[in-house]
Amino acid sequence: MEKIIGRTGSKNLTRQLVLTALFSALGCVATMLLQIPSPSGGYMNLGDAVVILGAFLLGPAYGAIAGGLGPALADLLSGYVMYVPATLIIKAVMAWIAAGLFRTLNKKSWSLPICAAAAEIPMIVGYWLFDALLVFFATSGNTFIFCLIGSAAGIPSNLVQGIFGAAASTLLATALHRSVYVRKAFPSFSWNSGEQAPGGGWKANPPLRCSHKQER
């Protein structure tokens, strides 16, 4: 019995690591797929949708690992080396907040857009502060307050990216939940059957149970 339990635990761990690596790769590709330069020196991208979706599917721990590694690798490969440490931390915090809040709200379907929107807050604030630090250390004679004012030019582009990431991840999560395969592959990613999904429509009701009369 102990050997069976040990094999099962090892198999589950291997599966989680494979899925984490998969979402890391998807996050890297999504981040590099479309890059629109922002006024602050960074760039807008599609990676947030994958980061938040991975958080919903993988949970806080593995979601944070995948969410941080993929976009950070994209920054490294794209030549934005100075953003790698910030991206690693910011995206990991994003995923952790999305997954943690999703669990706190009992994984209700209506909580998906709320969790996704909440996860984008540290992205917008985090890159604003990091851009201010880059300006502060790159220039002399400027106070940090002026650096914050100057780096605020990047907030609108990050806000657009955040809105898209939150909306796309919510729609993708809602669509994927309708797949039986996804629900089996990610058993923790579920909500009550018969509850209305955020994008409209109704999920399948639970199967009917047949009652058996007791024999006398």
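Just so you know, all these numbers are worked out from the coordinates, no wet-lab data involved. Quick caveat: nothing in here was measured; it's all calculated off a predicted structure. All Cβ positions, glycine included, derive from the backbone under ideal geometry; neighbour counts span all protein chains shown.
Between residue 164 and residue 81, what's the calculated FRET efficiency when r is the beta-carbon distance and R0 is 25 Å? Round to 0.05.
After rounding, the FRET efficiency stands at 0.50.
Equivalent-ellipsoid semi-axes (√(5λ), Cα gyration tensor) for region 2-185, whole Å, largest first?
Listed largest to smallest, the semi-axes of region 2-185 are 32, 18, 14 Å.
Would you grab the residues whose amide H sits under 5 Å from the one on residue 44? Only those 5+ places off in sequence or on another chain, please, with H modelled 1.01 Å from N.
Residues meeting the criterion, in which the H sits 1.01 Å from N, are 36, 38.
Taking a cut-off of 17 Å, what percent of all Cα-Cα pairs in region 1-97 are separated by more than that?
Result: 50 percent of Cα pairs exceed 17 Å.
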